[in-house]
Amino acid sequence: MNTNEISIFPISLGGAGIGSCKENIFFKRPVSDKKAVETVLFALENNINLIDTSPFYGDSERKIGIALQEYGNRSSIILSTKAGTHPIYKGYSGENLRRSVENSLKVLKTDYLDILHIHDPSDVEFKNMMENGGMEVLLRLKEERVIHNIGLGVRDHNLHKQFILSGYADVILPYLDYNLLSTKADDLLEVAKKNNITVLLGSALCMGLLSGINPTEITIRHYAIEKDVSIEKAMEMYLWCCENDVNLMALNYQFILNNPAVSTIVIGASSKEEVEKSINAYKENISSSIIKSFLKKFKLSQS
């Protein structure tokens, strides 16, 4: 991936949490402009240099645009957004993708995007985009340096593999499927590594189940997550960490980042306190003996 020689910090800021507004609530409650801007600025001032968002995430792009204007130094930031799920320019035709990009540039107050992800296409939509001009438009925008890298943000691992094998992929954003509760993306990460594709990993905390908070207190159930991961196992991991005085979030981050395919974990923070918690967890050093004990207890292997 072309990052203009910027080394991606292992923790990145996702825009869903701060995009929460009255019209489109993500996670718990609306986030004010003031709080959202504070969150972005705190992240940027504490080494985070990749921000990933989407026009689908409420008014996230607008809030991030305000923060970027205040911060300045645009060339030091890797700015990522998405197309295909825009509330108005929805779909993967060349025209809709182009209009979505143009709108994002305007709202984010920038003249280029470091990454443009194709967002959540179905198998049929992805195939049509590849064959009917959508990808051609993105490649033209890339040639014009309006977008610097083309990515795919979707859960379907087969779509990611198709994208990688097409030769058009610079970066992928899988989510939910590589963490202490699920390593379903193992094979995908191996394919990405072999093809030198950058991986941004989303939903690493499984909607908070691996945040270090008692899982019984987690009420967020996006993606019907209880169908994919064991809440019971999350509770067992939480209790093991309590008994052994281990930070579960830190252990999870270390497990993920020990996989050489993963460049950064995209966190869904909605406050500077949550950003700080993730940065501190990343910095925390957990001994190899503790990690080995945990992996053995829960029958996990480290890539």
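Partners of LYS193 within straight-line reach, counting aspartates and glutamates whose Cα lies under 15 Å from its Cα and excluding those fewer than 8 residues away in the same chain: ASP170.
Judged by the mean number of other Cβ atoms found within 10 Å, the most tightly packed of the peptides 41-48, 108-115, 169-176 leads the ranking 169-176, 108-115, 41-48. Per-residue accessible area (protein heavy atoms, 1.4 Å probe) orders VAL124, VAL266 as VAL124, VAL266, starting from the largest. Across the stretch 113-127, rounded Karplus estimates of 3J(HN,Hα) from the backbone phi angles (6.51 cos²θ - 1.76 cosθ + 1.60, θ = phi - 60°) give 10, 5, 9, 10, 8, 6, 9, 6, x, 6, 4, 5, 4, 5, 4 Hz, Gly and Pro being marked x.
Shape verdict for the stretch 1-106, please, from the Cα gyration tensor: rounded (a/c under 1.5), prolate (a/b greater than b/c) or oblate.
On the way: a/c = 1.94, a/b = 1.15, b/c = 1.68.
Verdict is oblate for the stretch 1-106.
Distance between the C-alpha centres of the stretch 105-136 and the stretch 159-205: 18 Å, rounded to the whole angstrom. Counting only alpha carbon atoms, the long axis of helix 288-297 and the longest principal axis of the chain meet at about 90°.
If a/c stays under 1.5 just call it rounded; otherwise compare a/b with b/c (prolate if a/b is bigger, oblate if not). Do that for the stretch 188-303, with a ≥ b ≥ c from the square roots of the Cα gyration tensor eigenvalues.
On the way: a/c = 1.35, a/b = 1.18, b/c = 1.15.
Rounded is the answer for the stretch 188-303, as its axis ratio a/c remains below 1.5.
The alpha carbons of the chain give a radius of gyration and a Dmax of 18.6, 56 Å, in that order.
Could you provide, to the nearest whole Å², the per residue accessible area of the chain with probe 1.4 Å? Mind showing how you got there, number by number?
Working: 13470 Å² over 303 residues.
Accessible area per residue: 44 Å².
For LYS82, the aspartates and glutamates whose Cα comes closer than 13 Å to its Cα, not counting residues fewer than 8 places off in the same chain, are ASP52, GLU61, GLU102, ASP114, ASP120.
Other residues whose C-beta falls under 12 angstrom from the C-beta of LYS297 contribute a net charge of +2, scoring Lys and Arg +1 and Asp and Glu -1.
For a straight C-alpha distance cut-off of 21 angstrom, the lysines reachable from LYS277 (same-chain residues fewer than eight places away being disregarded) are LYS28, LYS34, LYS35. Between ILE88 and TYR112, the simple spin-label model (points 7 angstrom out along Cα→Cβ) gives 2.6 nm.
Accessible surface for CYS21 stands near 20 Å², nearest 10, in the context of the full protein assembly shown (1.4 Å probe).
Once R0 is set to 35 Å, what does the formula 1/(1 + (r/R0)^6) return for the Cβ-Cβ distance between LYS184 and LYS34, expressed as a FRET efficiency to the nearest 0.05?
Numbers: r = 39 Å, r/R0 = 1.10.
After rounding to 0.05, the efficiency reads 0.35.
Given an 8 Å cut-off on Cα distances and at least 6 residues of separation, report the relative contact order of the chain as a percent.
19
Which percent of the accessible area of the chain is formed by carbon and sulfur heavy atoms (probe 1.4 angstrom)? Intermediate results must be reported in sequence, preceding the final value.
Values: 6290 of 13470 Å².
It is 47 percent, rounded to a whole number.
For the peptides 76-89, 276-289, 186-199, the ranking by mean Cβ contacts within 10 Å, running from highest to lowest, is 76-89, 186-199, 276-289. Separation of the alpha carbons by more than 24 angstrom is noted, of LYS109/LYS272; LYS233/LYS292; LYS106/LYS161, for LYS106/LYS161.
The values are calculated or read from the model by the stated rules, or taken from the named source; none is laboratory data. Everything numeric in this text was worked out from a predicted model, so none of it was measured. Quick reminder, even Gly has a Cβ in these numbers, built from the backbone with ideal geometry, and neighbours come from all protein chains shown. To get the accessible areas, we keep the full protein, side chains included, count just its heavy atoms, and leave off ligands, DNA and RNA. Shrake-Rupley method; radii C 1.70, N 1.55, O 1.52, S 1.80 Å.
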